[in-house]
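Right, one structure below, let's go through it.
The values are calculated or read from the model by the stated rules, or taken from the named source; none is laboratory data. A quick note: this is a predicted structure, and the numbers were derived from the prediction, not measured. FYI the Cβ positions are ideal-geometry reconstructions off the backbone, even for glycines, and counts take in every protein chain you see.
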Amino acid sequence: MSHELPEARTAIVTGAASERGIGRVTAARLAAAGWNLAVIDLDLEAARSVARGIADEHGVQADGWAADIADPEQVDAAVSEIERALPPVAGLANIAGISSPTPYLDLGLAEWQRQIAVNLTGVHVMTQRAVRPMIALGAGRIVCISSISAQRGGGTFSKTPYSTAKAGLVGFTRAIARELGPSGITANTVSPGPIDTDIMGGRLSEERKQGFIAEQVIARVGTPADVAAAIVFLMSPEAGFITGENLNVNGGQYMS
């Protein structure tokens with residue numbers, strides 16, 4: 001088996017319906033790179049609307065599905081429909097996530113469990129189901145979104161449970177990279193720093209931007225396009241010899 005990505009292939013992108021999120025930009029850039037798109041989000045109409053816009057602009061096949069990524073039945077139903085509706089699934093961008101600014105001593109168990117369920121368990125559930133057609137295909141790309149918070153213990157917006165889940169994603173991704181590599185599937189993480197999206201608690205004020213910039217080597221706040229470019233590269237045919245890697249896209253903040 002050659003382990004090469006097929007020319008007609010589909011990427012699943014989770015969390016791509018947010019207007020100011022990394023997922024929407026990533027989905028559009030994957031389409032520009034020749035991928036057909038399956039957009040998964042909690043909001044079905046928003047997912048379908050994003051998919052329609054991508055299909056119209058880039059001339060690819062694209063549609064939207066609703067699923068809670070932490071619910072195995074919903075995920076299985078969505079991916080089963082994707083397999084019937086679109087070309088072979090060969091890529092997965094795990095972008096769906098939630099933030100948590102609650103201080104540790106105020107943190108209740110329910111909030112801890114909610115963060116782990118979406119930011120870590122949900123990625124496992126989505127990946128385990130989406131990777132099955134890739135194994136049958138003999139090729140695939142998986143990219144998970146970790147965070148600078150996993151390396152620095154927070155310090156941006158979200159705190160302990162978010163940082164814990166995002167650190168867990170690095171170990172998870174390296175473990176599946178090892179197990180799935182013989183099937184021609186790569187798995188990598190991308191660790192953004194402060195990106196001007198709604199997961200940062202809304203639009204960043206100039207004061208907050210300057211605070212983040214002071215901790216970086218590059219003197220600007222990151223954009224969704226910065227992160228999307230890294231994801232698209234790691235999902236490209238040219239990145240087939242990169243696996244188990246964590247790519248920092250945070251202006252050098254990880255060094256501070």
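When you go through (1) over 14 Å from the mean Cα position of the chain (by Cα); (2) over 29 Å from Arg114 (Cα atoms); (3) crowded, with 17+ Cβ neighbours inside 10 Å one by one for Gly59, which number turns out not to apply?
Gly59 satisfies every listed condition except (3).
Please verify whether segment 108-126 includes one or more residues that are at pLDDT 95 or above, surrounded by 14 or more Cβ atoms within 10 Å (Cβ to Cβ), of a type in the set (Val, Ile, Thr) and under 23 Å from Gly240 (Cβ atoms).
Within segment 108-126, one or more residues are at pLDDT 95 or above, surrounded by 14 or more Cβ atoms within 10 Å (Cβ to Cβ), of a type in the set (Val, Ile, Thr) and under 23 Å from Gly240 (Cβ atoms).
Kindly indicate which of Arg52, Arg20 is at pLDDT 95 or above and of a type in the set (D, E, K, R).
Details: Arg20 fails: at pLDDT 95 or above.
Exactly one of Arg52, Arg20 is at pLDDT 95 or above and of a type in the set (D, E, K, R), namely Arg52.
Given the conditions (1) of a type in the set (A, V, I, L, M); (2) crowded, with 17+ Cβ neighbours inside 10 Å; (3) within 30 Å of Arg9 (Cα to Cα), and given that Ala150 satisfies all but one, which numbered condition is not satisfied?
The number of the failed condition is (3).
Can you tell me which residue in segment 180-203 is surrounded by the fewest Cβ atoms within 10 Å (Cβ to Cβ), limited to those that are more than 15 Å from Ile231 (Cβ to Cβ) and modelled with pLDDT of 95 or more?
Filtering segment 180-203 for residues that are more than 15 Å from Ile231 (Cβ to Cβ) and modelled with pLDDT of 95 or more, the one surrounded by the fewest Cβ atoms within 10 Å (Cβ to Cβ) comes out as Pro182.
I'd like the full set of residues that are surrounded by 17 or more Cβ atoms within 10 Å (Cβ to Cβ) and either of a type in the set (D, E, K, R) or touching a residue at least 12 places away in the same chain (Cβ under 8 Å) (or both), limited to segment 227-238. Break it down stepwise before answering.
To start, the set of residues in segment 227-238 that are surrounded by 17 or more Cβ atoms within 10 Å (Cβ to Cβ) comprises 227-228, 230-236.
Passing the criteria: Val227, Ala228, Ala230, Ile231, Val232, Leu234, Met235, Ser236.
Output the residue which, of all residues in segment 154-179 that are basic (Lys, Arg) and under 14 Å from His124 (Cβ atoms), is surrounded by the most Cβ atoms within 10 Å (Cβ to Cβ). Please lay out each step first, then the result.
Within segment 154-179, the first condition is being basic (Lys, Arg), and the residues that meet it are 159, 166, 174, 178.
The next check asks that each one be under 14 Å from His124 (Cβ atoms); those that pass are 166, 174.
Working: Lys166: 26, Arg174: 17.
Going through the qualifying residues, I end up with Lys166.
Quick check on Glu207: is it in a helix (DSSP H, G or I), within 23 Å of Ala33 (Cα to Cα) and either modelled with pLDDT under 95 or among the acidic types (Asp, Glu) (or both)?
Numbers: in a helix (DSSP H, G or I): yes; within 23 Å of Ala33 (Cα to Cα): no; either modelled with pLDDT under 95 or among the acidic types (Asp, Glu) (or both): yes.
Criteria not met by Glu207.
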